[in-house]
Every structure is written in C-alpha cells, then in structure tokens.
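Values in this text are rule-based calculations from the coordinates and carry no lab data. Quick caveat: nothing in here was measured; it's all calculated off a predicted structure. Methodologically, a virtual Cβ is constructed for each residue, glycine included, from the backbone with ideal geometry; neighbour enumeration extends over all protein chains shown.
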Amino acid sequence: MVRPLYLQIYGVVRGDDGDDDDDMPVWDKGELVGALRAAVAEAEAFVRAQGIDPDAIIAAPAADFAKARLLEDAVESLLINDDTKETFLALARAVAARHAAILPDPAVY
C-alpha cells in the first residue's frame, strides 16, 4: 500500500483500527535534518546533471543582471521537456516538505 507523501514524511503509522489519535509521533530533529540534507543533495545532483551550477548562481552579482541571466538559463534547462520539469518539481516538493517538517508547529503561534 502506497502512503501519501505527507504521511511518509511525518512518519504516520495508523493502527489496524483506523484510530487517528496517535498519528503524529515526534521525530528526532537529527533524523529530519538528515532527510532534508539528503533531499537537497538529490535535487542539487539533478540540476547539476542538467548543466546548472547552483554555486555560480549564488555567487553571481545581482547588480549587472548576471544572476538574472543565470537564473533564466537554469529555468530554460529545467523546462527542456516535461519529464525534466516534473522531476525537478517533485524534488523541489520533497525538499520543501522536509524543510517544513523541521519547523516548529504553526499551531503554537
């Protein structure tokens, strides 16, 4: 049985009775950070395989639009076909979800 991504991220394990009372166990922050690092590394490897250098984009000066040109080129590389675009978007969602799992519970605020 395949569980939705949000259930996998938060480690939700439903009992056989379908009781939702114990659905959100607390994960160790170290495990969550490790999962985030792995997701970022996978996404970075993918964009580098597409010919995109994230380090060059970060280091590029914004004043002369060099950063904007590199970002535009990166977007074009990721939109080359539907498979590339969908793979990148899936990797980006995985990074965002793992990042969100580390943040404090918004209900506290």
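Given H placed 1.01 Å from N in the peptide plane, which residues other than close sequence neighbours of Ala60 have an amide H under 5 Å from its amide H?
none
Points 7 angstrom from Cα along the Cβ direction at Ile80 and Ala56: gap in nanometres?
Here the modelled spin labels are 1.4 nm apart.
For region 81-98, just list the computed ³J(HN,Hα) in residue order, Karplus coefficients 6.51, -1.76 and 1.60, θ = phi - 60°, integers in Hz, with x standing in for Gly and Pro.
Each residue of region 81-98 in turn: 7, 5, 5, 4, 4, 5, 5, 4, 4, 5, 5, 5, 5, 5, 5, 4, 5, 5 Hz.
Taking other Cβ within 10 Å of each residue's Cβ, how do Arg37, Arg98 sort, fewest first?
Arg37, Arg98
Give me the extension gain from Ala66 to Ala90: residue separation times 0.36 nm, minus the current Cα-Cα distance, reported in nm with one decimal.
Length gained between Ala66 and Ala90: 5.9 nm.
Starting at the first residue of region 28-45, write each ³J(HN,Hα) from the Karplus equation 6.51 cos²θ - 1.76 cosθ + 1.60 with θ = phi - 60°, in whole Hz, x for Gly and Pro.
5, 4, x, 5, 5, 5, x, 5, 5, 4, 5, 5, 5, 4, 5, 5, 5, 4
Using θ = phi - 60° and the Karplus curve 6.51 cos²θ - 1.76 cosθ + 1.60, what whole-Hz ³J(HN,Hα) does each residue of region 46-58 get, with Gly and Pro shown as x?
Once rounded to whole Hz, the list reads 5, 5, 5, 5, 8, x, 9, 10, x, 5, 5, 5, 5.
Using the charge dipole of region 27-104 (Lys, Arg: +1 at Cβ; Asp, Glu: -1 at Cβ; taken about the Cα centre), state which of Val33, Gln50, Ala66 has its Cα farthest towards the positive end.
Val33
What number comes out for the charge environment of Ala59, summing +1 per Lys or Arg and -1 per Asp or Glu over other residues with Cβ under 14 Å away?
-1
Using every Cα-Cα pair within region 27-104, state what percent have a distance larger than 22 Å.
The share of Cα pairs beyond 22 Å in region 27-104 comes to 35 percent.
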